[in-house]
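Below: the structure, in structure tokens.
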Amino acid sequence: MKNKILTSVMITVLFAIIIVVSSFMIITNLEQEKFTTEELRNINYLVSELNNVTDISNNNYEAIRELNTTKINGIDVRFTLIDNNGVVLYDNEQLSGENHKDRVEVKEALANGQGYSKRYSDTIKAYLIYYATKLKNNYVIRSSVSINTITLLQKENIKYCLGILALVIPFSVFLSLRLVKKIVDPVKELESVTLKMAHGDYEIRADINTNDELGTLGNSFNNMAEQLQLKIHEVIDNQNKIESIFKSMESGVIAVDNHDNVISINPCAESLLGIRKNIVGQCLLDYVNDYDINKFLQEEGESDKEIKILHPIERDFKIKKSEMFDGAENIGKVITFQDITDINRVELMRRQFVANVSHELKTPLTSIKGFAETLKFVKDDETREKFLDIIDKEAERLSRLINDILVLSKIESNLTIDMEEFEPRIVIEEVLNIMRKIAVNKNIKLEFKDTSDKKVLGNRDKFHQLVLNLVENAIKYSKDDSGKVEVFSYDKDEYYCLIVKDNGVGIPKEDIPRIFERFYRVDKSRKKGGTGLGLAIVKHIVKLFNGEINVKSEVGEGTSFEVKIPDI
Ligand code: ADP
């Protein structure tokens with residue numbers, strides 16, 4: 001651009017110089033011609049006056065000869081005397097034999113008294129101005145002189161021109177460079193700012209401080225950049241918000257175009273479908289291995305469905321698909337995946353729980369009802385006593401069952417419970433005091449070793465229930481007479497730990513993972529009279545304390561439950 005402007009300016013300057021110089025030369029030439037003509041007319045007038053005094057005829061040319069040395073602008077004037085028939089009578093330079101009657105100036109002079117003409121003379125290789133005046137004796141005196149037409153190509157003129165150019169060109173180059181700098185610098189600034197903006201620097205502004213159109217352009221550009229920056233921030237902000245919502249959604253969301261190519265997929269959908277790489281732009285169907293999902297995605301019409309998948313892990317999904325529109329144009333589909341595995345499991349558990357509760361309640365009730373009815377017909381006191389004992393035992397079991405169900409449902413309903421700081425040792429001792437009588441009756445040793453000096457934060461009654469259930473079980477599943485139940489209470493790192501250990505019947509390996517389930521009993525015959533809810537209650541209480549529970553057991557050797565409760 002700089003070179004273009006410079007070249008244009010230089011061409012304009014040269015053109016202007018040529019025009020000015022040429023005009024000047026033309027004017028000078030015209031002036032020169034006018035002046036010369038005037039001079040020639042004056043000289044002719046002089047000759048005609050002389051003729052009045054001495055008749056210039058019959059070889060009497062002395063008067064004209066007197067004028068031989070006449071010069072105009074230093075050039076000798078040529079005089080020619082022509083008679084009225086065009087015959088040249090006298091010429092002070094070269095007498096021509098040609099008849100001059102048809103010469104323009106002679107013709108005009110014979111007709112009007114004066115005649116003028118300008119011609120190029122091949123003889124003297126110059127332009128000549130001829131001026132003819134008719135004398136009294138009808139002769140014509142013609143004076144002529146060559147004129148120096150000034151042209152650009154003349155040596156001395158070229159010198160002048162070069163001189164002028166040598167002065168004007170550096171000056172115009174200097175001015176042009178300044179002008180170019182004034183124009184180009186802001187343009188360059190705009191160019192560099194635009195480039196930086198295109199590379200993401202929206203803070204940058206153009207620094208143009210001129211009071212002309214370029215300054216206005218710079219201000220408009222900066223305003224535009226300001227607006228652009230605001231809009232881009234807004235767009236990025238919205239996009240970030242949408243992206244973080246999209247990413248943190250607990251449902252899987254996939255957007256696909258009309259060819260099932262993925263437009264967007266959130267992390268939840270990737271993990272639900274076991275997709276480990278970025279599949280944006282690729283066909284979703286290539287990455288979904290499940291036949292049912294593939295079929296659902298390809299089917300028209302159906303908009304939601306519950307599907308069980310086996311890969312990557314077994315899960316239940318609720319899938320929904322809906323059309324995606326850009327204005328009126330359908331641009332693809334949005335597919336949402338909701339993991340309903342937990343909902344289904346909870347629902348199943350609820351149904352099983354109801355069935356279990358009904359079954360558990362029905363057993364002692366049937367027994368009570370049966371014995372009570374039979375009792376009416378029993379006369380024998382001993383049998384009556386036996387039957388009443390059974391009814392009492394069953395009623396006791398029923399009450400325990402109901403009690404355990406209530407405790408469990410209270411814990412599960414997550415009702416806010418009183419929290420307090422308590423010394424676990426005191427609670428354990430309370431429990432052991434309650435259980436000591438039963439242990440003594442069964443001839444089971446009950447020992448307590450406490451090295452803890454930590455306090456536990458939580459509900460004291462729940463902790464009491466936890467210890468009670470564990471110690472109760474330990475005594476229940478210990479062998480009479482040779483049984484030994486040990487309770488250890490100690491601190492380990494940032495945990496308070498409780499171990500309840502017995503040398504009883506132990507739990508088979510395959511049952512260990514299930515003993516915390518509600519109503520689960522290893523011995524299905526209910527010989528020990530348990531409700532199957534004790535450990536379920538323990539598990540929930542441990543959860544309330546943010547703790548964890550572990551079991552170690554060997555059949556025939558004993559069982560050890562370890563509870564770890566984190567520090568306050
Ligand atoms: P239950 O009321 O039947 O004792 P729990 O929920 O307390 O119910 O225990 C579930 C099952 O775990 C019991 O039926 C029993 O078979 C087994 N179990 C629990 N504690 C012990 C233990 N200390 N020794 C052996 N088996 C145990």
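The values are calculated or read from the model by the stated rules, or taken from the named source; none is laboratory data. All of these numbers come straight from a predicted model, not from anything done at the bench. Here the Cβ is made from the backbone with ideal geometry for all residues, glycine too, and neighbour counts use every protein chain on show. Side chains are part of the model used for accessible areas, which takes the heavy atoms of the whole protein and leaves out ligands, DNA and RNA. Shrake-Rupley method; radii C 1.70, N 1.55, O 1.52, S 1.80 Å.
Data overview
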item	result
Test for S117: is it part of a loop (DSSP other than H, G, I, E, B), assigned by TED's automatic domain parsing to the domain that holds I26 and either touching a residue at least 24 places away in the same chain (Cβ under 8 Å) or open to solvent by less than 80 Å² (accessible area, probe 1.4 Å) (or both)	no
Tabulated pairs, the range 520-539, first closer than 12 Å to L466 by Cβ, second within 6 Å of the ligand (Cβ to nearest atom) and modelled with pLDDT under 85, C-beta under 6 angstrom, 6+ apart or interchain	none
Filtered residue count, the range 194-219, keeping only those that are closer than 16 Å to L179 by Cβ, surrounded by fewer than 11 Cβ atoms within 10 Å (Cβ to Cβ) and hydrophobic (A, V, I, L, M, F, W, C)	0
Among residues of the range 494-516, those that are open to solvent by 70 Å² or more (accessible area, probe 1.4 Å) and either closer than 20 Å to F545 by Cα or under 60 Å from the mean Cα position of the chain (by Cα) (or both), counted	5
Condition broken by A536, with the remaining ones in (1) near the ligand (Cβ under 10 Å from one of its atoms); (2) surrounded by 20 or more Cβ atoms within 10 Å (Cβ to Cβ); (3) more than 58 Å from the chain's Cα centre (by Cα) satisfied	(3)
Which listed residue, of K196, K188, K182, is farther than 30 Å from S8 by Cα and part of a helix (DSSP H, G or I)	K196
Options F387, F371, F377, F353; residue that is of a type in the set (A, V, I, L, M, F, W, C) and within 18 Å of G534 (Cα to Cα)	F353
Every pair of residues 6+ apart whose Cβ atoms lie under 6 Å, when the first sits in the range 456-481 and is farther than 18 Å from G547 by Cα while the second is of a type in the set (D, E, K, R)	A474/D502; K476/K528; S478/D502; D480/K442
Scan of the range 82-103 for residues that are in a loop (DSSP other than H, G, I, E, B) and modelled with pLDDT of 80 or more, ordered by number	D83, N84, N85, G86, V87, N92, E98, N99, H100, K101, D102, R103
The range 120-145, subset open to solvent by less than 80 Å² (accessible area, probe 1.4 Å), modelled with pLDDT under 85 and more than 18 Å from L46 (Cα to Cα), residue nearest to the chain's Cα centre (by Cα)	A126
Qualifying residues in the range 395-427 (those that are more than 16 Å from the ligand (Cβ to nearest atom) and either within 23 Å of P364 (Cβ to Cβ) or in contact (Cβ under 8 Å) with a residue 60 or more places away in the chain (or both)) - the one least open to solvent (accessible area, probe 1.4 Å)	P424
Qualifying position, being in a strand (DSSP E or B) and more than 11 Å from the ligand (Cβ to nearest atom), among V563, V551	V563
From V334, V280, residue being in contact with a strand residue (DSSP E or B) (Cβ under 9 Å, 6 or more places away or on another chain), of a type in the set (A, V, I, L, M), modelled with pLDDT of 90 or more and open to solvent by less than 60 Å² (accessible area, probe 1.4 Å)	V334
